[in-house]
Amino acid sequence: MRVKCIVSYDGTHFRGYQVQPNKRTVQSEIEAVLTKLHKGQSVKVHASGRTDANVHALGQVIHFDTTLTIPPEKWPYALNSLLPVDIVILEAEYVADHFHSRFNARKKEYRYKISTQKIPNVFKRDYTYHFPYALDIESMKKACHHLCGTHDFTSFCVAKTEVEDKVRTIYSIDLIEEGADLTFCFTGNGFLYNMVRILTGTLLEVGQGKKTPDQIPFILEGKDRSLSGKTVPGHGLYLWKVYYDN
């Protein structure tokens, strides 16, 4: 049977989601626990997508196949009892054999958290990017409007990416202000490698007046990574939610 799980994790002490030789990753930790539950039989885990080192997740989705007959509501307890404290299985359910956590995903929501307070909060250092500069929020919102829609996002991904098709659709970009905290909410049908972090870096440059909102269309048309802003650090990024049909 195929099991679908919603997973949250604190990415601070991981080298990313995907298995890497001699590196601590989220996938390797989950697969090790599943192998233990299956009495040494290797179990492959598939995710909606990879996250980089230090990136967090509130709503990562994974699936795996099992021969065990554990009730779906018991899977989180079985896995969480063996997983390290920085990974938590929130929900589990049995799904059809053709379900795939990556290929059936319809859209994803990422959030990036920033603190603009002058003195950094030591307790937020692993979860929020400290950016103590004045920002023009209205200019940033205008830039967001230009980024929404279907575009070739070559200018907003790593230059050496192996992905050939760089056309993606961004459905919405929202900015949430809570005192000195600012959260960018990106929802789209998919995102290229480092795309959200580069989008955020570019919007911050707009907020500082280093770029104007009207430059965004030209950056998109230029299809050149050097035209966009810096890549902000991974620790402020969260895979928030993955959406599927029904």
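The helix-only estimate of mean residue ellipticity at 222 nm for the chain, built from DSSP H runs of length n ≥ 4 each weighted as -39500 (n - 2.57), is -6000 deg cm²/dmol after division by the residue total.
What separates the Cα centres of the stretch 20-40 and the stretch 50-84 is a distance of 11 Å. Of the accessible area of the chain, with the probe set at 1.4 angstrom, what percent is carbon plus sulfur? Answer for the chain is 51 percent, counting heavy atoms of protein chains only. Taken over the chain, the convex hull of the Cα atoms encloses 139 Å³ per residue.
For the pair the stretch 135-209 / the stretch 213-246, the C-alpha centres are spaced 3 Å from each other. Against the main long axis of the alpha-carbon atoms of the chain, helix 26-37 sits at an angle near 10°.
Mind checking the dipole of the stretch 25-74: about its Cα centre, +1 per Lys or Arg Cβ, -1 per Asp or Glu Cβ, Debye to the nearest 20?
Values: 5 positive and 5 negative charges, 30 e Å.
Computed about the Cα centre, the dipole is about 140 debye.
For the stretch 114-126, putting each phi into the Karplus relation 6.51 cos²θ - 1.76 cosθ + 1.60 with θ = phi - 60° gives couplings of 10, 10, 9, 5, 5, 9, x, 8, 4, 7, 9, 4, 9 Hz, in residue order, rounded to whole numbers and with x for Gly and Pro. Between the Cα long axis of helix 195-207 and the first principal axis of the chain there is an angle of about 30°, rounded to the nearest 10. In the stretch 1-48, the inverse of the mean reciprocal separation of distinct Cα atoms equals 11.6 Å; this is its Kirkwood hydrodynamic radius. With 19 Å as the limit, write out which pairs from 142/210; 107/166; 113/210; 23/160 have Cα-Cα distances beyond it, or answer none. Violating the 19 Å Cα-Cα cut-off are 113/210; 23/160. When +1 charges are put on Lys and Arg Cβ atoms and -1 charges on Asp and Glu Cβ atoms, the dipole computed for the chain relative to its Cα centre reaches about 500 debye. For the pair residue 172 and residue 44 in one chain, pulling the backbone fully straight at 0.36 nm per residue adds 42.7 nm over the alpha carbon distance.
The values are calculated or read from the model by the stated rules, or taken from the named source; none is laboratory data. None of these values were measured; they are calculated from a predicted model. Ideal geometry is used to build each Cβ from the backbone, glycine not excepted, and the neighbour counts take in all protein chains shown. Quick note on the areas: whole protein, heavy atoms, side chains included, nothing else; ligands and nucleic acids left out. Shrake-Rupley method; radii C 1.70, N 1.55, O 1.52, S 1.80 Å.
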